[in-house]
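Single-structure report; data block below.
Please treat every number below as a calculation from the coordinates, not as lab data. Model, not experiment: these values are computed from the prediction. Backbone-built Cβ (ideal geometry, glycine too); neighbour counts: all protein chains shown.
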Amino acid sequence: MHRKILLLLTTLILSVTVYAQSDTLSITLENVKYPYPVNFIPIKVEGQDIRMTYMDVKPVNANGKAVILFHGKNFGGYYWTNVIQTLTTKGYRVIVPDQVGFGKSSKPFIHYSFHQLARFNKNLLDSLGLQKVIVLGHSMGGMLATRFTLMYPQTVEKLLLEDPIGLEDYRTFVPYQSAEDDYKAELKTSFESVKKYYQNSYFTSWKPEYDYLVKIAAGVSKSADFPRYAKVAALTFEMIYEQPVCYEFGLIKVPTVLFVGKEDKTIVGKGLLSNEEKAKHGQYKILGPETAKKIPGCKLIEFDNCGHIPHVEIPEVFLKALVENI
């Protein structure tokens, strides 16, 4: 009961913090308070000087191990609060980057690739003197975690995937759209459109405490710099669409745990599909077991009555499973 109250208070505190800010958010979320102090690492890429934001949260009683958390496409480090609290309580040092193009990190016009994002994260870990980490990736972060593991297997002690996207090749059934097409669609973002998407795609039923996620995702749409944000969002959509990892799961050589909400029906580009096509794809109750069979020695943990974000929708259940399997 005490833990349940703590988790609820954490969500409410973050919600209040976000709602207390102006309705208009900057595209690097300067007016969104993160749960822990943020740091920046400078990066030079394609002739541009940019920076990558991260939280480095130390445990009270260190067990000598570190975890890095990779967020999903529509999120940043702010939605990992309860996971960070749980892991640091168990002795883990937790590194929480906002990927370049997301959250508080820079929004440059560059060629986005999972290979390059993986390199940025490896450079971050090197700068912190971390040679071994446990990697937890959610949604798009699961695709990145997979690529990172394939590129740097010697760095990854264990791979944890929470409802990763990319379990199927979207190119084979989602109609192609150029970055310019996606950009025009992103420019139409509003609070209503984001909430409708989250309601239909991420959760089995909506709760008021999820509104803070919508508030952040939609708040940037009122910024004068939103066209830049929208363009970057289009470029990262293109990255997800054009750079599948599903054909390489069999190459993973580290211990892997796949956490899946059985009611997850996420499809990247779902809005471009007919209802008939939607019914054929994005079925995680099918994709989860199929993917687990592809990854050598993978352990599959499924959650009933849960959608795309277990650590938000069923926090107590997910965190218990995480601690038991990390």
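The figures follow:
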{"item": "Centroid-to-centroid separation of segment 182-260 and segment 35-71 [C-alpha atoms, Å]", "result": "21 Å"}
{"item": "The chain: calculated mean residue ellipticity at 222 nm from DSSP helix runs of at least 4, using -39500 (n - 2.57)", "result": "-12000 deg cm²/dmol"}
{"item": "Extreme residue, positive dipole direction of the chain, given options PHE40, THR189, GLN85 (C-beta unit charges)", "result": "GLN85"}
{"item": "Of LYS158/LYS215; LYS222/LYS320; LYS132/LYS270; LYS132/LYS293; LYS278/LYS299; LYS132/LYS280, those spanning more than 31 Å from alpha-carbon to alpha-carbon", "result": "LYS158/LYS215; LYS222/LYS320; LYS132/LYS270; LYS132/LYS280"}
{"item": "Most mobile listed residue (GLU276, GLU313, GLU248) in the chain, GNM with C-alpha springs under 10 Å", "result": "GLU276"}
{"item": "Candidates THR88, THR172, THR53: whichever shows maximal mean-square fluctuation once the chain is modelled as a Gaussian network with Cα springs under 10 Å", "result": "THR172"}
{"item": "Contact order normalised by residue count of segment 2-325, Cα under 8 Å, 6+ apart, percent", "result": "19 percent"}
{"item": "Longest to shortest principal axis, alpha-carbon extents of segment 2-325, angstrom", "result": "48, 45, 41"}
{"item": "Distance from segment 90-146 to segment 283-302 (C-alpha centre basis), Å", "result": "24 Å"}
{"item": "Rh by Kirkwood over Cα pairs, then Stokes-Einstein D for segment 95-214 at 0.890 mPa s and 25 °C, µm²/s", "result": "147 µm²/s"}
{"item": "For the chain, built as a Gaussian network whose Cα springs stay under 10 Å, the top-fluctuating residue of GLY101, GLY47, GLY219", "result": "GLY47"}
{"item": "Percent RCO, i.e. relative contact order, over segment 14-154, from Cα pairs under 8 Å lying at least 6 residues apart", "result": "26 percent"}
